[in-house]
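> Have a look at the structure that comes next, please.
The values are calculated or read from the model by the stated rules, or taken from the named source; none is laboratory data. For clarity, every value in this text was computed on a predicted model and none was experimentally measured. Counting neighbours? That spans all protein chains shown, and the Cβs are built from the backbone with ideal geometry, glycine included.
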Amino acid sequence: MSATPAPRALPAKTTEIAPGFTVRRALPNRERRMIGAWCFLDHAGPVTHARGHTPAVGPHPHIGLQTFTWMIDGEILHRDSLGTEQIIRPGQVNLMTAGRGIAHSEEDAGGDSTRTHLVQLWIALPDAHRHDAPAFQHCPVLPRIARDGFEITLLAGEALGQTAPPKVFTPLVGMDLSATGPASTRLPLDPTFEYAIVCLEHEVTVDGERLQPGALLDLGQGRDAITLGCDAAARLILIGGEPFDEAIVMWWNFVARTSEELARATSDWNAHRHFTEVASPLARIAAPDMKGVNIRPSHQT
Ligand code: MN
């Protein structure tokens, strides 16, 4: 196996996904389009807001991916075109498998929450499953492991002798590590996986190098362990997976294999075809015009 690449910190892009609601988009990154099948990572918050004003997103569609919501603080009501209505609370995951097509909204849950902090990731579906029927899975309880001062939540996949409940279709892993004070642990990794780390709160160290929110630390492939630490309260997310061997195209809320598929999903949504509507009080979000957009396949450098 070739030498392990040095970690590289790739800046996240700041994007406003709802009025006044800015997120740090760590994936896709110009320099790194995917980590395994993980193809999108938005770190939202922590943000404080008035009661009843959780940042909300009206009905919009997805194809070819799973949306994976990791709630750190706050509450959000998820509604989708399957008829699901599910509040997600801190420590929980919502996994929505779009398959051939789903639509959903994310709304204020009507509670007392005045703080929102979450990570939303997307997982590209392999060709064998990307036309499957849509599905929704709420995961209220995830494996938690106390280790060397960290509380580790296993979000997806298998690690440290545990298996996370979210149903995924390619070998991948996700974990959240949080600490309330100084901590340091050596974490075993799978050398066949590629990995990345995003700091979510304060500052962490990765093999001794400092990392703060606002970057994707790309670890590449070929590692069998990594040392994670912090000097004070902090939080990070680690994602990894077997390199995804299919070239994907991504645009707006869609993952596909060709521009034609993206264009069809766009026109279907805007013409009220193919997708079932969401019973939401929020306004439906129209797909933007694809004309002039340069669609670059994931494996093209
Ligand atoms: Mn969505």
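> Is it the case that the stretch 45-55 has a residue that's among the small types (Gly, Ala, Ser), at pLDDT 95 or above and either under 16 Å from the mean Cα position of the chain (by Cα) or within 23 Å of Gly99 (Cα to Cα) (or both)?
no
> Still on this structure, I have one more. Go through (1) more than 15 Å from the chain's Cα centre (by Cα); (2) of a type outside the set (D, E, K, R); (3) surrounded by fewer than 21 Cβ atoms within 10 Å (Cβ to Cβ); (4) under 30 Å from Ser184 (Cα atoms) and name the single condition Phe150 misses.
The failed condition is (3).
Residue-by-condition table, conditions (1) within 13 Å of the ligand (Cβ to nearest atom); (2) surrounded by fewer than 19 Cβ atoms within 10 Å (Cβ to Cβ); (3) hydrophobic (A, V, I, L, M, F, W, C):
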{"site": "Gly64", "(1), (2), (3)": "yes, no, no"}
{"site": "Phe68", "(1), (2), (3)": "yes, no, yes"}
{"site": "Ile72", "(1), (2), (3)": "no, no, yes"}
{"site": "Leu82", "(1), (2), (3)": "no, yes, yes"}
{"site": "Pro90", "(1), (2), (3)": "no, yes, no"}
{"site": "Asn94", "(1), (2), (3)": "yes, no, no"}
{"site": "Gly101", "(1), (2), (3)": "yes, no, no"}
{"site": "Gly111", "(1), (2), (3)": "no, yes, no"}
{"site": "Thr116", "(1), (2), (3)": "no, no, no"}
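> Give me the pairs: first residue in the stretch 91-112 and within 17 Å of His60 (Cβ to Cβ) and at pLDDT 95 or above, second residue among the basic types (Lys, Arg) and within 16 Å of the ligand (Cβ to nearest atom), beta-carbon distance under 8 Å, and six or more apart or on different chains, which are they?
His104/Arg79; Ser105/Arg79; Glu107/Arg79
> List pairs: first in the stretch 67-87 and more than 18 Å from Ser113 (Cα to Cα), second within 14 Å of the ligand (Cβ to nearest atom) and small (Gly, Ala, Ser), Cβ under 7 Å, 6+ apart or cross-chain?
That search, which allows pairs on different chains as well, returns Arg79/Ser105; Arg79/Ser280; Asp80/Ala103; Ser81/Ala103.
> Regarding the stretch 218-227, can at least one residue be identified that is surrounded by fewer than 15 Cβ atoms within 10 Å (Cβ to Cβ), not in a loop (DSSP other than H, G, I, E, B) and not aromatic (Phe, Trp, Tyr)?
Going through the stretch 218-227, the residues surrounded by fewer than 15 Cβ atoms within 10 Å (Cβ to Cβ) turn out to be 224-225, 227.
This time we only want the ones that are not in a loop (DSSP other than H, G, I, E, B), so: 225, 227.
Retained after the next criterion (residues that are not aromatic (Phe, Trp, Tyr)): 225, 227.
Within the stretch 218-227, one or more residues are surrounded by fewer than 15 Cβ atoms within 10 Å (Cβ to Cβ), not in a loop (DSSP other than H, G, I, E, B) and not aromatic (Phe, Trp, Tyr).
> Is the stretch 1-23 home to any residue that is more than 15 Å from the chain's Cα centre (by Cα), aliphatic (A, V, I, L, M) and at pLDDT 95 or above?
Yes.
> If you don't mind, another one. Hey, does the stretch 176-183 have a residue that's in contact (Cβ under 8 Å) with a residue 24 or more places away in the chain, within 16 Å of the ligand (Cβ to nearest atom) and within 18 Å of the chain's Cα centre (by Cα)? Quick ask: steps written out before the conclusion?
First, the residues of the stretch 176-183 that are in contact (Cβ under 8 Å) with a residue 24 or more places away in the chain: 176-183.
Filter once more, so that each one left must be within 16 Å of the ligand (Cβ to nearest atom): none.
Within the stretch 176-183 (the criterion being in contact (Cβ under 8 Å) with a residue 24 or more places away in the chain, within 16 Å of the ligand (Cβ to nearest atom) and within 18 Å of the chain's Cα centre (by Cα)), the answer is no, since none of the residues qualifies.
> Just to be sure before I move on: is Phe21 of a type outside the set (S, T, N, Q) and under 25 Å from Val168 (Cβ atoms) in the structure I sent?
Values: of a type outside the set (S, T, N, Q): yes; under 25 Å from Val168 (Cβ atoms): no.
No.
> Keeping to the stretch 128-137, report how many residues are surrounded by fewer than 17 Cβ atoms within 10 Å (Cβ to Cβ) and part of a strand (DSSP E or B). Quick ask: steps written out before the conclusion?
Kept after step one, since they are surrounded by fewer than 17 Cβ atoms within 10 Å (Cβ to Cβ), are these residues of the stretch 128-137: 128-129, 131-133, 135, 137.
From the residues that got through so far, the ones that are part of a strand (DSSP E or B) too are 135, 137.
Selection size over the stretch 128-137: 2.
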